[in-house]
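Enquirer: This is the structure I want to talk about, given as structure tokens.
The values are calculated or read from the model by the stated rules, or taken from the named source; none is laboratory data. Note that the structure is predicted; figures quoted are calculated from it, not measured. Don't worry about glycine lacking a Cβ; one is built from the backbone with ideal geometry, like all the others, and counts go over all protein chains shown. With ligands, DNA and RNA removed, areas are computed over all heavy atoms of the protein, side chains included. Shrake-Rupley method; radii C 1.70, N 1.55, O 1.52, S 1.80 Å.
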Amino acid sequence: MIKLFKVKEKQRELAENANGKTLVKKQSAGELRLHRDISELNLQKTCTIAFPNGKDDLMNFEVTVRPDEGYYLGGTFMFTFQVSPMYPHEAPKVKCKTKVYHPNIDLEGNVCLNILREDWKPVLNINTIIYGLFHLFTQPNYEDPLNHDAAAVLRDNPKMFESNVRRAMSGGYVGQTLFPRCM
Amino acid sequence: MVESTVQQSRSRDLDKLLLRPGNLVGPNFEPGPGLREDLKEYVRVLVVGAGGLGCELLKDLALSGFREIEVIDMDRIEVSNLNRQFLFRLEDVGKPKAEVAARRVMQRVAGVNIVPHFCRIEDKELDFYSNFSIIALGLDSIEARSYINSVACSFLEYDADDKPQEETVKPMVDGGTEGFQGHARVIMPGITPCFECTIWLFPPQVKFPLCTLAETPRTAAHCIEYAHLIKWDEVHSGEAFDPDDPEHMKWVYDEANKRAELFGIPGVTLSLTQGVVKNIIPAIASTNAIISAACALETLKIASGCSKTLSNYLTYNGAEGLHTKVTEFVRDKDCLVCGPGVLIELDASVTLQKFIELLEEHPKLLLSKASIAHRGKNLYMQAPPVLEEMTRSNLSKSLYDLMGKIPKDVVHATGTTNKNDKKTSVLRKLRVVFKGVDEITDMETAAGGA
Ligand SMILES: [Zn+2]
């Protein structure tokens, strides 16, 4: 390609004396795929989505889940999504911002959902994750605990688990931990 | 006298490639001593990364007759680099890799000119990258490769017949190593598959389930990831973990050790901690040397035409004996990064609403309910309702205005199309050209004046 490089090098020298620089925002392949996921979102009425940084930042958004059945009926739980430019090669980072008494969500907001880590595949999408989060509330699971105490109570004494969840959601203590009201 | 003997012996091997004709040479190869001078004069190579591969690449390129070289790297030298990043000495620890590497090679190879850039690859404008003839990548991250690939492919332009225009092709040579394995590949955007066409070659990193880490750790890596992902947040509420901060790493190591003791798991070490947290596999100096040599040779082949290039992906495995193989991967014809997309010619007066309707009727697209994005800006989103509302007012504006009054550019559209009576969702690249809008460039003015 040496001939081509010669021509271009001469052009470059000419251009260098000419005009200024162009700064263009690059759109990653991940952003494009996310654009598709978001434009095809099909949310149930129990879930809403918000974009705190406006319409042009889809990489950071919030999803609010309001379970319509089960232990967590009446509660409002907010999750933040952080999507990397390597999406969908990499799963989004999801955190629960509402402190919740839940066997699969710890007090720091880490979420134990298989498709967010070990079972993530590029064919999955944002809809799948939101669906999965919703199911954590209708079907909490004591077999994969992040909050060990909550999991043990759910397994051994579902009635007590139910009253603990109610107490936490209405803003009270479960054991030593104070939960803010979220209903 | 001494000088000229050195020069002669240095170019002896190179001359065997550049001075003699052959049967396997590239198109338009014109052997002769002038070629050696042209390589110095007209070829500018950018080396991305000044680590294990980068050090080797800089040395190899300088000794292969390239004179104008630049190198970009954001890292500083660490003690653990010294076993293989041979341009660095103990007294260099803490200094920028790019600067020390450039200086050391210039000291050893007379006449070569290496410009270092101590910064992130994202900090440079597109113009910076467009100035190079060839970009050689010595990186250890998929994300960085993907970024450089998207930059190099953004210079690519297609003609009206969807053929890539040769003068817009920015060749890349990419090397990568992991332990005793490595790859070298040649990417000619528009001609051979780009990084994104074959992203599946890189398997996603294995991630342990959080509940396993929290409840039933079985390996040293589990203990380390527990300390890194769960314990860190519990103790340092709000403060982000920084893998490049030695104190943060030490903290994770100590916590991982406590946990390993609790569960009776052996094998937590500081280097394993760094490996797991940063996802690093130990680097082997000889693998870097072999892969870099292959990359430097391909760079020379592309520039001089002295041989046909690798077509297009070489894998090397030195774990047991030696195995090496070249695979010719094929392009993804619908690749959003290097593909031609669909050419659409429009009047400058066409509104976004009308444009979306046109996509529905376009015979190559038949795209209904399209959402449109241009350079990271969402012009119109069909869903969710919150975004539809925010973008609805754009529908009545002209696309030309919304795209910043430039005569031609790429936009992306997401929507549904009917395939064998089934609705499928698609994401398409569109090359929009506005008719009747004058494109005045320096080149055309110059040509017009002549
Ligand atoms: Zn591609």
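Enquirer: Carbon and sulfur together cover what percent of the accessible area of the range B:342-449 at a 1.4 Å probe radius?
Expert: Carbon and sulfur: 51 percent of the exposed surface of the range B:342-449.
Enquirer: Right, next: What base-10 log of the normalised intensity I(q)/I(0) is obtained for the range B:210-277 from the Debye formula, alpha carbons as equal point scatterers, at q = 0.15, 0.26 Å⁻¹?
Expert: -0.39, -1.15
Enquirer: Say R0 is 56 Å: what FRET efficiency, to the nearest 0.05, do residue B:383 and residue B:269 get from their beta-carbon distance?
Expert: 0.65
Enquirer: Further question on the same structure: How large is the accessible surface per residue of chain A, computed with a 1.4 Å probe and reported in Å² as a whole number?
Expert: 49 Å²
Enquirer: Right, here's the next one. Give, rounded to the nearest 20 debye, the magnitude of the charge dipole that chain A has about its Cα centre when Lys and Arg contribute +1 at Cβ and Asp and Glu contribute -1 at Cβ.
Expert: So the dipole magnitude of chain A works out to roughly 800 debye.
Enquirer: Then there's this: Distances over 18 Å make up what percent of all Cα-Cα pairs in the range B:336-421?
Expert: Percent of Cα pairs beyond 18 Å in the range B:336-421: 42.
Enquirer: Would you mind computing, in nm to one decimal, how far apart the modelled labels at residue A:13 and residue B:317 are, each placed 7 Å from Cα along Cα→Cβ?
Expert: Calculated label separation equals 5.0 nm.
Enquirer: Further question on the same structure: Any idea of the total accessible area buried by the B-A contact, 1.4 Å probe, rounded to 100 Å²?
Expert: Buried area between the two chains comes out at roughly 5600 Å².
Enquirer: What residues of the range A:125-167 lie in the reach of a label at residue A:76, counting those whose backbone N is under 19 Å from a point 7 Å from the Cα along Cα→Cβ?
Expert: Zone members listed by number: A:134, A:137-138, A:166-167.
Enquirer: Which ³J(HN,Hα) values in Hz, rounded to whole numbers, follow from the phi angles of the range A:87-98 under the Karplus curve 6.51 cos²θ - 1.76 cosθ + 1.60, where θ = phi - 60° and Gly and Pro get x?
Expert: For the range A:87-98, the Karplus-derived couplings read 4, x, 4, 10, 6, x, 8, 10, 10, 8, 8, 9 Hz, x marking Gly and Pro.
Enquirer: Sticking with this structure for a sec: What would the Debye formula give as log10 I(q)/I(0) at q = 0.18 Å⁻¹ for the alpha-carbon point model of the range A:43-173, no solvent?
Expert: These q points yield log10 I(q)/I(0) values of -0.99.
Enquirer: I would also like to ask the following. If you wrap chain B's Cα atoms in a convex hull and average its projection over all directions, what's the area in nm²?
Expert: If you wrap the Cα atoms of chain B in a convex hull and average its projections, you get 29.8 nm².
Enquirer: In whole percent, what relative contact order does the range B:115-181 give with Cα contacts below 8 Å and a gap of six or more residues?
Expert: 38 percent
Enquirer: Using a/c under 1.5 as the rounded threshold, could you call the range B:241-377 rounded, prolate or oblate? The axes a ≥ b ≥ c are square roots of the C-alpha gyration tensor eigenvalues, and prolate needs a/b larger than b/c, oblate otherwise.
Expert: Oblate is the answer for the range B:241-377, as a/c is 1.5 or above yet b/c matches or exceeds a/b.
Enquirer: Give the percent of DSSP beta bridges with both residues in the protein assembly as shown that are antiparallel, rounded to the nearest 5.
Expert: Around 70 percent antiparallel, to the nearest 5.
Enquirer: Over the range B:86-196, what number does the Rg to Rh ratio reach, with both radii from the alpha-carbon atoms and Rh per Kirkwood?
Expert: My calculation puts Rg/Rh at 1.02.
Enquirer: I would also like to ask the following. Relative contact order of the range B:210-277: what whole-number percent is it, with Cα pairs under 8 angstrom and at least 6 residues apart?
Expert: Relative contact order of the range B:210-277: 42 percent.
Enquirer: Okay, next question. According to a simple spin-label model (label point 7 Å from Cα along Cα-to-Cβ), what is the distance in nm between residue A:6 and residue B:334?
Expert: Rounded to a tenth, the inter-label distance reads 4.4 nm.
Enquirer: Can you give the Rg and Dmax of the protein assembly as shown based on its C-alpha atoms, in angstrom?
Expert: 28.0, 95
Enquirer: Please report the relative contact order for chain B, taking Cα pairs under 8 Å with a sequence separation of at least 6, and give it as a percent rounded to a whole number.
Expert: 14 percent
Enquirer: I'd like the mean, over residues of B:373-386, of how many other protein chain beta carbons sit within 10 Å of each residue's own Cβ.
Expert: Whole-number average of other-chain Cβ neighbours for B:373-386 is 6.
Enquirer: Summing +1 for each Lys or Arg and -1 for each Asp or Glu, what net charge is found among the other residues whose Cβ lies under 15 Å from the Cβ of residue B:285?
Expert: With Lys, Arg at +1 and Asp, Glu at -1, the neighbours total -2.
Enquirer: Residue B:405 to residue A:160: FRET efficiency via 1/(1 + (r/R0)^6), r the Cβ-Cβ distance, R0 60 Å, to the nearest 0.05?
Expert: Step by step, r from the Cβ atoms, then E = 0.35.
Enquirer: Now a separate question. In deg cm²/dmol and to the nearest 500, what is the mean residue ellipticity at 222 nm of chain B if only DSSP H runs of at least 4 residues count, each as -39500 (n - 2.57), divided by the residue total?
Expert: Helix contribution divided over all residues of chain B: -10500 deg cm²/dmol.
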